[in-house]
Every structure is written in structure tokens, then in C-alpha cells.
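Everything on this sheet refers to the single structure shown next.
The values are calculated or read from the model by the stated rules, or taken from the named source; none is laboratory data. Fair warning: this is a prediction, and the values are worked out from it, not measured in the lab. Note: ideal-geometry Cβ built from the backbone for every residue, glycine included; neighbour counts use all protein chains shown.
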């Protein structure tokens, strides 16, 4: 479950859209947008950790 989630997060956060943002604007902006796209994954990980404790 966790590996599939990480793989999916990598596809979402490192996709062509983020690359386009990096080419069009700046690397800093693309890193920021990738971080924003990863925020929902943190919520999922938080729920998984709470259920295991």
C-alpha cells in the first residue's frame, strides 16, 4: 500500500506539468508547485500513521 502510494505521489508531483512550470517560469516555482501537489499525500500518511499507533 505505502509503496504504491509513494509511486503515485512521485508521478503526480514530478509530472510534465511541474516540468513545464520549471521551463516556463523558474526552478524555484516548479519546486514550490510540486510541494503544493504533495500536501494531500501528507494527510494520507498522517492517517496511516495514526491507525498504526
**OP:** List every residue pair whose Cβ atoms lie under 6 Å apart, where the two residues are 6 or more positions apart in sequence or sit on different chains, the first residue falls within the range 32-53 and is closer than 27 Å to residue 21 by Cα, and the second residue, located anywhere, is assigned to a helix (DSSP H, G or I).
**Re:** 33/18; 33/21; 34/13; 34/18; 37/12; 37/13; 38/13; 41/9
Original post:
Got a sec? Which helices (runs of 4 or more DSSP H) wholly within the chain have at least 1 residues that are at pLDDT below 65 and in contact with a strand residue (DSSP E or B) (Cβ under 9 Å, 6 or more places away or on another chain)?
Top reply: none
